[in-house]
1. Among 144, 113, 89, which one moves the most in a GNM of the chain with springs linking Cα atoms closer than 10 Å?
2. Quick one: dipole size for region 1-97, taken about the Cα centre, charges +1 on Lys/Arg Cβ and -1 on Asp/Glu Cβ, in debye to the nearest 20.
3. Run through region 30-139 and list the trypsin sites (Lys or Arg not before Pro) located in a DSSP loop whose Cβ has at most 10 other Cβ atoms within 10 Å.
4. Go through 29, 65, 51 and say which Cα lies farthest out towards the positive end of the charge dipole of region 1-159; charges sit on Cβ, +1 for Lys and Arg, -1 for Asp and Glu.
5. Working from the pairwise distances between different alpha carbons, so that the mean of 1/r is found and then inverted, what is the chain's Kirkwood radius in Å?
6. Scan the chain and report its longest stretch carrying no GluC sites (Glu not before Pro) that are both in a DSSP loop and have at most 13 other Cβ atoms within 10 Å.
7. Helix 94-111 against the longest principal axis of the chain: what's the angle in degrees, Cα atoms only, rounded to the nearest 10?
8. To make sure I understand, if each residue's beta carbon is the centre and we count other beta carbons within 10 Å, what order do 171, 135 fall in, fewest to most?
Amino acid sequence: MASLKALKLRIGSVKSTQKITKAMKMVAAAKLRRAQEAAEAGRPYAQRLEAVVASLASKVTVNDATPKLLAGTGKNQVHLLVVATSDKGLAGAFNTNIARLARKRAQELTAEGKTVKIYTIGKKGHAVLNRSFRDQMVHGIEPGDLGKLSFADARGYAEDLIARYQAGEYDIATLFYSTFKSVLTQEPTEQQIVPVAVPVTTAATSTTPPEYEPGEEEILADLLPRNLAIQLFRAMRENAASEQGSKMTAMDNATRNAGDLIKKLNIVYNRQRQAAITTELVEIISGAEAL
């Protein structure tokens, strides 16, 4: 059993940890508000651009003039999994859930006989996936603070992915990130980004389809790279909000757990202290009676 001095030191250590977790919770709460506003503000544009690209793509007949980002390579053998996480930990299951979804998809593709390559944005995702897919890791980016990433950063990532696609390194690219729902809920998301996913056409409606000038192929040649950058930027913003929400919840749980542990340690300390006092009193009384 620990001595009174050891228990006192342990209680002091847990109290210090509790102060740190409480401060980290407050910092995460302050960052969460800005990150959430940024994520929600970027959703309408990203969703609308994705819908416009999909609408244009559904009207294009694939031929030699069709942009490669739409036409694809004609194969689906090599899959690139773009896994976006963060560089920092202490965020609960935020990074783990994204990596778990990507790992599950990689195992499914491998079982189907496909070739899997992994492209990570974030140290935590790279560290987790590198244990199981060391030979499949093709590139890793350390973005730093997700809340400070700009559209220029996302455009740089998109240009790198496009260059790799045009070089024939992969046939299909799928993005993995976390969609922010609430402070308590962040949903791991899987989204095909290269080539652009064309929705299944439904029954024709009575409305007359719009005519575009210039043609759909020319418009898509400009929109497709921009759409890829926008979808990556959206994922980064969603991740920034999800990271702070998950961190806030994790630090709140840690603070409450530290409080519970302090109460338990205080009870043990008081019991041992009382037992020591009782023992000393007994020894004093026994000594007095012996005289």
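Each value in this text was obtained by applying a stated rule to the coordinates, not by laboratory testing. These numbers come from a predicted model, not from an experiment. Cβ sites come from the backbone with ideal geometry, for glycine too, and all protein chains shown count toward neighbours.
1. In this elastic network of the chain, the residue with the biggest mean-square fluctuation among 144, 113, 89 is 113.
2. On the way: 16 positive and 5 negative charges, 192 e Å.
So the magnitude is around 920 debye.
3. 75, 131
4. Value: 29.
5. Details: mean 1/r = 0.0444 Å⁻¹.
Kirkwood radius, the chain: 22.5 Å.
6. Values: sites that count: 112, 211.
Longest stretch, sites excluded: 1-111.
7. The angle comes out at about 50 degrees.
8. On the way: 171 19, 135 9.
Going from least to most buried by this count: 135, 171.
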